[in-house]
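Novice: My questions will all concern the structure given below.
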Amino acid sequence: MDIAQTIALTMGVAWASGINLYAAILMLGVMGISGNLALPAELQILSDPMVIAAAGFMYVIEFFTDKVPGIDTGWDSLSTFIRIPAGAILAAGAIGDVGPAAQLAAAIAGGTLTAGTHATKAGTRVLINTSPEPVSNWFASLGEDVAVIAGLWTALYHPIVFIVLLVLFILFMIWALPKLWRGIKKAFGFLGRKLGSSRTTVPLEKTQADSSATESRP
C-alpha cells in the first residue's frame, strides 16, 4: 500500500467503527478471506472464519436493535466501551508494521476519530428518538449501514476521494457536535420537567380526593 491507501484504510476503519463496528469487521473479513483485499499482517485475523462468524452474529443483533426507538440509544451507550477501543486497535493494525511509535500515533488518532463518529451517531439518535414515529430510526440505521460499506469501499479503492470526504466529515462533526449536545440537553430537560410535573400532579389529585372523602363523612 502507498501512503494514501494506508492513511485511508487506517482512518477508514476508525471512522466506520464509530458507526457500526461489526459491519466494518465483517466487510473487511469477508473481503480478506475471499482474496479481494490484502489485509495488513496485523489485520489478517479479521479473515479468520471464527471472527467473521462472531462479527456476523453481532451485526445481526445490532441490525435489529439499532432500529428500535430508545433501545438504540441504550445500545449506543453500551457500545461506547466497545467501539472506541476497537477503533483504536483496528487503526493501529491497519497502519501496518511501521514501528511502535507510528502504531501508537495511529491508535490515538483512530480512537479519537472513532469517539467523535460514535458521539455524532449516538447524539443524532437521541434527537431522532424525540420524534413519535419509528420510521426515522429505520432510515437512519439503514443509512448508517450503507455509509459504512460505501465508505470502506471508497477508502480501499479511491483513497484520495475518501480522505477528502473524511476531512469534510470531520469539519461537519466539529460544527455539529456542540449543536447536538445542546439539543440533547434540551430534550432531557423537557423530559425531566414532564416527569417532575407528573409526580407533583398525582399527589395533588390524591390530596384533593382524600379531602373530598373527609368532607363527605357524617
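Novice: If you stretched the chain out fully between Thr73 and Ile160, how much longer would it get, using 0.36 nm times the residue separation minus the C-alpha to C-alpha distance? If you can, show how the numbers build up before the last one.
Specialist: Details: separation 87, 0.36 × 87 = 31.32 nm, distance 3.34 nm.
Here the answer is 28.0 nm.
Novice: Residue by residue, what Karplus-based ³J(HN,Hα) values in Hz, rounded to whole numbers, does region 53-60 have, using 6.51, -1.76 and 1.60 with θ = phi - 60° and x for Gly and Pro?
Specialist: 5, 5, 5, x, 4, 5, 5, 4
Novice: Another question, if that's okay. Separation between the Ala4 and Phe63 pseudo-spin-labels, each 7 Å from Cα along Cα→Cβ, expressed in nm?
Specialist: Once both label points are built, they end up 3.4 nm from each other.
Novice: What's the extension gain from Ile82 to Met50 if we count 0.36 nm per residue and subtract their Cα-Cα distance?
Specialist: Numbers: separation 32, 0.36 × 32 = 11.52 nm, distance 1.86 nm.
Taking Ile82 through Met50 to full extension adds about 9.7 nm, to one decimal.
Novice: Multiplying the sequence separation of Asn36 and Leu142 by 0.36 nm and subtracting their Cα-Cα distance, what value in nm do you get?
Specialist: So the chain would gain 35.7 nm between Asn36 and Leu142.
Novice: In whole percent, what relative contact order does region 3-216 give with Cα contacts below 8 Å and a gap of six or more residues?
Specialist: Reported relative contact order: 29 percent.
Novice: Pop out the ³J(HN,Hα) list for region 114-124 in order, Karplus 6.51 cos²θ - 1.76 cosθ + 1.60 with θ = phi - 60°, rounded to Hz; leave Gly and Pro as x.
Specialist: Coupling constants for region 114-124: 4, 4, x, 5, 4, 5, 5, 5, 5, x, 4 Hz.
Novice: Right, something else. For the pair Phe172 and Ile108, how long in nm is the line joining their label points, each one 7 Å along Cα→Cβ?
Specialist: Between Phe172 and Ile108, the label points sit 2.8 nm apart.
Throughout, read-outs are computed from the coordinates displayed, never taken from laboratory work. In this text the structure is predicted, and so the values were computed from the model without any measurement. Glycine also receives a Cβ, built like all others from the backbone with ideal geometry; neighbour counts cover every protein chain displayed.
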